[in-house]
Each structure stands twice: as C-alpha cells, then as structure tokens.
Amino acid sequence: MFRFWSKTKKFAENLLFPDNIKCIFCGVDIDHFEQRPYCDECAKTLPFNNGHRCEICDQPIFDDATVCDLCQKDPKPFKKAFCPFLYEGAVKNLVLKFKESNHRHLARPLANIISKSLEGVKIDVVTYIPMTPRKEKKRTFNQSKLLAEEIGKILNCPVLCCFSKTRDDPAQKELSFKQRREQVVGQYTAKSVRLNKNQNVLIVDDVLTTCATVSYCAGLILPQVKNIYVCGVAREYVRPNFQSNESQRFFCPKKRGKQGF
C-alpha cells in the first residue's frame, strides 16, 4: 500500500512539476531540454571536459602529449573513452544525487549529454558495469545500467548485460592506482552473451577515475569484438606517481573549454 501511494505521489508531482523542462543543475525552467538539459547560466560555470586531453582515456593533459603518462605506461584494452564533464563541483553533486538519492529521472538527460560526445562513432552494442545482486537490491537500481538503457534508446542499439560482479570489495575511492588494479581482478566475469568480431561495443559507467574497472571488463570481451569504447558522465583527474605505484586524485586547474553541447 505504501509503495502504491508513493508511486501515485511521484506521478502527481511529475504532472505538476515535470523534471524534463528544468535545468538538471539548478532547476530553472528551460525550453531546450532535449537539446541541452541545463540552462545558459549553469553552462558558464560547468566543468566541461573540452580541453586538451588524452586521446585514449579522455583525461586532461597539461602538456603537448596526445596520450597521458598513465595510458603510455599502462595500455588500455579499449580504443577510446568519452566523458563530457570533469568530476567536480556541480557535476560531482549531480552524479551523487543521481546514484545515491534515487533521482532516476536524471538518467535520460545525462545519457543525452554522453551520446552527443559519441557523435561520429559507430556503436553496435551497449553494455554496462554491473553491481552485485545484493548491492543492486539495496540501492534498488544500477545507475550505469540506467544510463546504458537510455544511451541504447538514443543510439538505437541493443543493450546487453555482458558482465557479472562476483563480490563487493571496500570502496575504491581511497585506493591507489596499483591497489585498484589488484582489487578488480576476479571481481567481474564475462557472461555468455553472443558478440562478434564485427561489432563495436560501448561500456557505460557513471564516473571514470583510473579506468581500472572498465579496462578489466573490456579485457574480458576484447577477443570477441572489433573495438571497445567506454564512457561515463564525468572524468576524475588522476596524476600517477609511478615511483610509489600510487596515484593522486585532485581537481583540475580552473581551465575551461567551450560551453558544452
């Protein structure tokens, strides 16, 4: 009964105060939601990932290199990553709101933004980073799966569950690059899904940091497909410290690109 009234309340709220006409960051009404789900004022300050960045992992680079040090020393099994934002400020708050406060309506506009960054790239199959059944049941949804389903609709591609997560280890946010690579081993397995050598596969996650998870999963299906691409809402900047085999995470300098899409 409680669930029925909760859904009824949510339906009524969406009729009176629909989410699909408001800026996803500040909530002001906008008339171009499908083209760009944020207002002009927010666009002036959002941390777009539009500057000079690694042509593989999409991480900002602050010299003339085309591939970052991390990708040079640790080659990726995927061809390219796409992340329209940097993981800081209003974008970080929005992602946390989406995944931790059950704001599922954000999946569609965020998928729309990601899809625009994929323009010109041929994608045949979309998949996503899974959660363990226990954790997904606790959260009630998998944010990466929601994003993948919306991206699949936009790109008119099938969405397949290609991976299983076998265990829940401690959160990765305080782990070094080396520790993340070690922890992810055996944490995911490939499912029996029909893929072929002519397909380009897109792996969807919410945020990319060291790319340890998407790299491991990409490696599981790499022999079966043509190319693998990965994407997320945002890219967290990582500065590797190769002498200690650790990495330092910090916000990028306030150096912005053009105003989004």
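A few comments on the model shown:
- Hey, I114 assigned to a helix (DSSP H, G or I) and either small (G, A, S) or in contact with a Gly (Cβ under 8 Å, 6 or more places away or on another chain) (or both) or not: yes
- Count - residues of segment 117-138 that are in a loop (DSSP other than H, G, I, E, B) and among the acidic types (D, E): 2
- Residues of segment 198-220 satisfying the condition of being in contact with a helix residue (DSSP H, G or I) (Cβ under 7 Å, 6 or more places away or on another chain), more than 14 Å from T127 (Cα to Cα) and part of a loop (DSSP other than H, G, I, E, B): T210
- Where a residue in segment 26-43 is of a type in the set (A, V, I, L, M) and its partner, wherever it lies, is surrounded by fewer than 11 Cβ atoms within 10 Å (Cβ to Cβ), with Cβ under 8 Å and at least six apart: none
- Cβ-Cβ contacts under 8 Å between residues 6 or more apart (or on different chains), taken from a first residue in segment 138-152 that is in the same structural domain as K116 (by TED's automatic domain parsing) to a second residue that is of a type in the set (S, T, Y) and surrounded by 17 or more Cβ atoms within 10 Å (Cβ to Cβ), are listed as N142/Y128; S144/Y128; K145/Y128; L147/Y128; A148/T127; A148/Y128; I151/S115.
- Residue within segment 221-242 that is at pLDDT below 95, over 14 Å from F48 (Cα atoms) and in a loop (DSSP other than H, G, I, E, B) present: yes
- Of all residues making up segment 44-83, the number that are part of a helix (DSSP H, G or I) and either touching a helix residue (DSSP H, G or I) at 6+ places or on another chain (Cβ under 8 Å) or not assigned by TED's automatic domain parsing to the domain that holds V207 (or both): 1
- Scanning segment 28-43 for residues that are out of contact with any strand residue (DSSP E or B) (no Cβ under 8 Å at 6 or more places or on another chain) and assigned to a loop (DSSP other than H, G, I, E, B), we see that the one that is farthest from L110 (Cα to Cα) is D31.
- Residue pairs whose Cβ atoms lie under 9 Å apart, separated by 6 or more positions or on different chains, with the first residue in segment 56-73 and under 12 Å from L208 (Cα atoms) and in contact (Cβ under 8 Å) with a residue 12 or more places away in the chain and the second surrounded by 15 or more Cβ atoms within 10 Å (Cβ to Cβ) and acidic (D, E), are Q59/E236.
The values are calculated or read from the model by the stated rules, or taken from the named source; none is laboratory data. All values reported here derive from a predicted model rather than from experimental measurement. Every residue, glycine among them, receives a Cβ derived from its backbone with ideal geometry; neighbour counts consider all protein chains shown.
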